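Asker: Okay, handing you the structure first.
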Amino acid sequence: MARAPTVKLNSGFEFPVLGLGTWKSKPGEVTQAVKDAIDAGYRHIDCAHYYQNEAEVGAAIKEKIQSGVVKRADLFVTSKLWSTFLKPDLVEPNLRLILSHLGLDYLDLFLIHWPCALKEGGALLPKRPDHDVLSEFSNVDYIDTWKELERLQKLGLTRSIGVSNFNKRQIERIIDNGTIVPATNQVECHPYLNQKKLIAFCKSKGIVITAYSPLGSPDRPWAQPGDPILTEEPKIKALATKYNKSSAQIILRYLIQLGVVVIPKSVNRARIVQNINVFDFELSTEDVAIMDTFNCNGRVCQFVEASGHPHHPFEHDEY
Ligand SMILES: NC(=O)C1=CN([C@@H]2O[C@H](COP(=O)(O)OP(=O)(O)OC[C@H]3O[C@@H](n4cnc5c(N)ncnc54)[C@H](OP(=O)(O)O)[C@@H]3O)[C@@H](O)[C@H]2O)C=CC1
Ligand SMILES: CC(=O)C(C)=O
């Protein structure tokens, strides 16, 4: 059975460098996917309230613990605070709701999903009455949310805390105004958007980057016919042939060699097994340079519903 090595977070906890993503995994398929992943050696599961499938993820975890395959302490479970819950008095109730869905009494890692707060109390994407796409904003400052996460870590409801989709300036604000440095910043990262500047900045602050959509999220709901597909790039396919691996394995290995943690999503048993089998080979310096040539600011997760938000992470800063 394959096993991902770990990296030590600034909180002192070990973080497996490969985990299972669960966005878009349907409630009817995610329980089996998580069970297959645990059987294949995965010990890190990436979840979020926004994915609306945490109870089904929790059912798989419960079964694997009850049948003795793993102990709770062997697993690293991440979840994220959605943008309609950034108001400080909503944070603890939302974390407790997430824990009840997952059937856990603590998280390993709790992230602020996006720095942009949306109107509380209703839909996850509260539509503006005057607009087809944009959501209604809330004026909560993520610094006030962060202080709640710090309190919840001290309370033991989560072992580590971090952020997601934060840019350099937003991380600096958290460090300047908080007392705990985020353990990770989970951001989009793949060969079309390799995030070298943000990786270097976060590393200088002791923050690990977690790469979401590591395969370029080909099943994202807004993908258009003709959009480039990473696993079909001829140069990546040639490297796959050279190393006797798949294109997906070449991409995941490249990201791991960049020093980030990867969380590929799959609901297919063979691909789940394939994706963790990336620790028995290494790309040469020349082949890493070939992978570097794909970097083209090719961001696929723009959060267009929060376009124009004063805290939108991608609209005001280079990285
Ligand atoms: N913090 C944030 O804002 C965000 C976090 N995330 C997290 O990151 C995770 C991963 O990102 P995601 O956007 O889902 O996309 P990924 O880049 O992981 O790509 C998932 C797609 O790739 C396919 N796939 C998986 N393995 C292989 C393989 N070996 N060969 C070929 N195709 C493969 C999957 O199909 P199949 O399932 O059929 O195998 C699916 O269509 C999410 O699930 C979520 O947990 C993602 C977006 C935003
Ligand atoms: C998938 C996800 O985490 C988004 C869109 O924020």
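The values are calculated or read from the model by the stated rules, or taken from the named source; none is laboratory data. Here the structure is a predicted model, which is why all the values come from computation and not from measurement. Virtual Cβ from ideal backbone geometry, glycine too; neighbours counted across all protein chains shown. These accessible areas exclude ligands, DNA and RNA; they are computed on the full protein's heavy atoms, side chains included. Shrake-Rupley method; radii C 1.70, N 1.55, O 1.52, S 1.80 Å.
Asker: Restricting attention to segment 133-184, which residues are of a type in the set (Val, Ile, Thr) and open to solvent by 20 Å² or more (accessible area, probe 1.4 Å)? Show your work before the answer.
Answerer: Going through segment 133-184, the residues of a type in the set (Val, Ile, Thr) turn out to be 133, 140, 143, 145, 158, 161, 163, 171, 174-175, 179-181, 184.
Val133, Ile175, Thr179, Ile180, Val181 - these are the residues of segment 133-184 that are of a type in the set (Val, Ile, Thr) and open to solvent by 20 Å² or more (accessible area, probe 1.4 Å).
Asker: Out of (1) among the charged types (D, E, K, R); (2) within 16 Å of ligand 2 (Cβ to nearest atom); (3) more than 16 Å from Leu193 (Cβ to Cβ); (4) open to solvent by less than 50 Å² (accessible area, probe 1.4 Å), what's the single condition that is false for Lys265?
Answerer: (4)
Asker: So which residues in segment 276-312 are out of contact with any helix residue (DSSP H, G or I) (no Cβ under 6 Å at 6 or more places or on another chain) and within 12 Å of ligand 1 (Cβ to nearest atom), if there are any at all?
Answerer: Asn277, Arg299, Val300, Cys301, Gln302, Phe303, Ala306
Asker: Count, please, the residues in segment 43-62 that happen to be at positive phi and within 10 Å of ligand 1 (Cβ to nearest atom). Steps first, please.
Answerer: Filtering segment 43-62 down to residues at positive phi leaves 52.
Restricting the remaining residues to those that are within 10 Å of ligand 1 (Cβ to nearest atom) gives none.
Looking only at that region, the number is 0.
Asker: Of everything in segment 196-236, what is assigned to a loop (DSSP other than H, G, I, E, B) and within 16 Å of ligand 2 (Cβ to nearest atom)? Give them in sequence order.
Answerer: If we filter segment 196-236 for residues that are assigned to a loop (DSSP other than H, G, I, E, B), which is where we start, we get 205-207, 213-229, 233.
Across segment 196-236, the qualifying residues are Ser213, Pro214, Leu215, Gly216, Ser217, Pro218, Asp219, Arg220, Pro221, Trp222, Ala223.
Asker: Can you name the strands (runs of 3 or more DSSP E) wholly within segment 1-108 that have at least 2 residues being free of Cβ contacts under 8 Å to residues at least 40 places away in the same chain and more than 16 Å from ligand 2 (Cβ to nearest atom)? Write out each step before concluding.
Answerer: Details: elements: 6-8, 14-16, 44-46, 76-81.
The strands (runs of 3 or more DSSP E) meeting that bar are 6-8.
Asker: Checking Thr179 against (1) hydroxyl-bearing (Ser, Thr, Tyr); (2) over 30 Å from Ile250 (Cα atoms); (3) touching a strand residue (DSSP E or B) at 6+ places or on another chain (Cβ under 8 Å), only one condition comes out false. Which one?
Answerer: (3)
Asker: While we're on this one: Of all the residues that make up segment 253-307, how many are farther than 15 Å from Pro5 by Cα and part of a strand (DSSP E or B)?
Answerer: Counting residues in segment 253-307 that are farther than 15 Å from Pro5 by Cα and part of a strand (DSSP E or B) gives 1.
Asker: Inspect segment 230-238 for any residue being without any contact (Cβ under 8 Å) to a residue 24 or more places away in the chain and surrounded by 18 or more Cβ atoms within 10 Å (Cβ to Cβ) and give the result as yes or no. Show your work before the answer.
Answerer: Keep residues of segment 230-238 that are without any contact (Cβ under 8 Å) to a residue 24 or more places away in the chain, which gives 231-232, 234, 237-238.
Narrowing further to those that are surrounded by 18 or more Cβ atoms within 10 Å (Cβ to Cβ): none.
No.
Asker: Same structure, new question: Taking Val288 as the residue in question, decide whether it is of a type in the set (Val, Ile, Thr) and either farther than 20 Å from Val17 by Cβ or crowded, with 16+ Cβ neighbours inside 10 Å (or both). So that I can check it myself, show each step before the final result.
Answerer: On the way: of a type in the set (Val, Ile, Thr): yes; either farther than 20 Å from Val17 by Cβ or crowded, with 16+ Cβ neighbours inside 10 Å (or both): no.
Spelling it out, it is not the case that Val288 is of a type in the set (Val, Ile, Thr) and either farther than 20 Å from Val17 by Cβ or crowded, with 16+ Cβ neighbours inside 10 Å (or both).
Asker: Out of segment 239-252, which residues are among the charged types (D, E, K, R) and either assigned to a helix (DSSP H, G or I) or buried (at least 24 other Cβ atoms within 10 Å of the Cβ) (or both)? Walk me through it before giving the result.
Answerer: Let us first name the residues in segment 239-252 that are among the charged types (D, E, K, R), namely 242, 245.
Once the filter is applied, which keeps residues that are among the charged types (D, E, K, R) and either assigned to a helix (DSSP H, G or I) or buried (at least 24 other Cβ atoms within 10 Å of the Cβ) (or both), segment 239-252 yields only Lys242.
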